[in-house]
Amino acid sequence: MDLSVILIIGGAFLAFTMLVLFSGPSMGKAKTRRLAMVKDRHAASTEAVVAAQMRKTIQSGSNRGSQSLSSFMPRREEMEKRLRRTGKTWTVSQYMMASMALFVVVAGLLLLIRSPFPLAALIGVIAALGLPYFVVNRLIKKRVAKFNTRFPDAIDLLVRGLKSGLPVTETFQVVSQELPGPVGEEFKGVVERIRIGNTMEAALQESAEMLGTPEFQFFCITIAIQRETGGNLAETLANLSDVLRKRAQMKLKIRAMSSEAKASAYIVGALPFFVFGIVYSMNPEYLHGFFVEERLIITGLGGLVWMSLGAFIMSRMISFEI
């Protein structure tokens, strides 16, 4: 094995070992947490007891998933929120470990084919930062799409429960039990937050911020307005369900009309990489200069930048907001 490959693998392993051994919880945060526990233990008012219970619940959930590596992640709270939006039980530490392993694998493979060390390190960093982010973003979009597909059915179930005389919180419980997938999970979270003392508006708004979808935000606004002004909630929710179904139909129509442009963009974007792979598999020496010669490396990177700009422009041209 080449010496540079051994060096990069050994350096990555040493960095990972140092992170695991010398990282840990902050002493200041631990002191603040202990003071809060003592204060909560002697709380007298009902509001303070409820707030203490909420903090313990949130803290226990975060302590189960947090590890020492996560303290090095910039904007860790935002990353934790993104990982929760995927519906998976992944932690920030697992995300960082996957990124480091991906860097070692990609950079090591490039060094095995005798690519320059700066190029291997650059592509390794791009892969380590971009691929996990792309996977998480893909899972978030898939989960939100599944939620939006079943959400009108959940509203219809709420309408039937309200018409039968059930209170709103009980209809939320019915939806969490009857509908599987993201819809049931989100309504189950709303019910649990209401049980530990949150108001209905706060519980719904937390789910709306977690999902980041306009459909659920419309639902939260409808519930909030009805609780302040009164009126027939069942009829209002039935109208909202009809609007959301028409909105979904419009999205499908736009997707069908733009499918030809998307297919052309995918073909044009993938063709250079496909041709490069075919030629490289048939005659590696013909394209070996793109991995070792500085001028060809700069030319290839410039081409990738311009192709990325073109792909971004085409994606904006076929993206429609409803």
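The values are calculated or read from the model by the stated rules, or taken from the named source; none is laboratory data. Everything quoted here is computed from the prediction, not taken from an experiment. No Cβ is skipped: glycine too gets one built from the backbone with ideal geometry, and neighbour counts run over all protein chains shown. Keep in mind that these areas ignore ligands, DNA and RNA; they rest on the heavy atoms of the full protein, side chains included. Shrake-Rupley method; radii C 1.70, N 1.55, O 1.52, S 1.80 Å.
Do we find a residue being among the hydrophobic types (A, V, I, L, M, F, W, C) and in contact with a Pro (Cβ under 7 Å, 6 or more places away or on another chain) anywhere in the stretch 105-112?
no
Can you pull out every residue in the stretch 259-284 that is small (G, A, S), closer than 17 Å to W306 by Cβ and in contact (Cβ under 8 Å) with a residue 24 or more places away in the chain?
A265, G269
Taking the stretch 78-91, which residues are open to solvent by 30 Å² or more (accessible area, probe 1.4 Å) and part of a loop (DSSP other than H, G, I, E, B)?
Within the stretch 78-91, G87, K88, T89, W90 meet the criteria.
Restricting to the stretch 104-162, give me the number of residues that are among the hydrophobic types (A, V, I, L, M, F, W, C), outside any helix (DSSP H, G or I) and open to solvent by less than 40 Å² (accessible area, probe 1.4 Å).
Here the count works out to 0.
Confirm whether Y280 is loosely packed, with under 12 Cβ neighbours inside 10 Å and either assigned to a helix (DSSP H, G or I) or acidic (D, E) (or both). Outline the logic, then answer.
On the way: loosely packed, with under 12 Cβ neighbours inside 10 Å: no; either assigned to a helix (DSSP H, G or I) or acidic (D, E) (or both): yes.
No: the conditions fail for Y280.
Hey, can you tell me all the residues within the stretch 235-271 that are more than 30 Å from the chain's Cα centre (by Cα) and open to solvent by less than 90 Å² (accessible area, probe 1.4 Å)?
Within the stretch 235-271, T236, A238 qualify.
Output the residues belonging to the stretch 174-201 that are open to solvent by 20 Å² or more (accessible area, probe 1.4 Å) and touching a residue at least 40 places away in the same chain (Cβ under 8 Å).
Result: E185, I196, G197, N198.
Can you give me the number of residues within the stretch 163-172 that are open to solvent by 40 Å² or more (accessible area, probe 1.4 Å) and assigned to a helix (DSSP H, G or I)? Steps first, answer last, please.
The initial filter retains those residues of the stretch 163-172 that are open to solvent by 40 Å² or more (accessible area, probe 1.4 Å), namely 163-167, 169-170.
Next, from what is left, pick out any that are assigned to a helix (DSSP H, G or I): 163, 169-170.
Qualifying residue count for the region: 3.
When you scan the stretch 306-322, how many residues do you find that are open to solvent by less than 90 Å² (accessible area, probe 1.4 Å) and either among the aromatic types (F, W, Y) or part of a helix (DSSP H, G or I) (or both)? Walk me through how you get there before you give the answer.
As a first pass, look at the stretch 306-322 and keep what is open to solvent by less than 90 Å² (accessible area, probe 1.4 Å): 307-311, 314-315, 318-319, 322.
Narrowing the set further to residues that are either among the aromatic types (F, W, Y) or part of a helix (DSSP H, G or I) (or both) leaves 307-311, 314-315.
Residues flagged as open to solvent by less than 90 Å² (accessible area, probe 1.4 Å) and either among the aromatic types (F, W, Y) or part of a helix (DSSP H, G or I) (or both) within the stretch 306-322 amount to 7.
With the structure loaded, tell me whether K146 is more than 19 Å from the chain's Cα centre (by Cα), among the basic types (K, R) and farther than 30 Å from A107 by Cα or whether it fails that test.
For K146, the condition - more than 19 Å from the chain's Cα centre (by Cα), among the basic types (K, R) and farther than 30 Å from A107 by Cα - is not met.
Looking at the stretch 295-304 only, could you name the residues that are surrounded by 10 or more Cβ atoms within 10 Å (Cβ to Cβ) and either within 23 Å of the chain's Cα centre (by Cα) or without any contact (Cβ under 8 Å) to a residue 12 or more places away in the chain (or both)?
L296, I298, T299, G300, L301, G302, L304
What's the number of the only condition in (1) in contact (Cβ under 8 Å) with a residue 40 or more places away in the chain; (2) crowded, with 16+ Cβ neighbours inside 10 Å that Q94 fails to meet?
Q94 satisfies every listed condition except (1).
Within the stretch 254-266, does at least one residue satisfy the condition of being closer than 30 Å to L111 by Cβ and out of contact with any Lys or Arg (no Cβ under 6 Å at 6 or more places or on another chain)?
no
Considering only residues of the stretch 210-232 that are without any contact (Cβ under 8 Å) to a residue 12 or more places away in the chain and in contact with a helix residue (DSSP H, G or I) (Cβ under 6 Å, 6 or more places away or on another chain), which is farthest from L158 (Cα to Cα)?
The qualifying residue farthest from L158 (Cα to Cα) is Q217.
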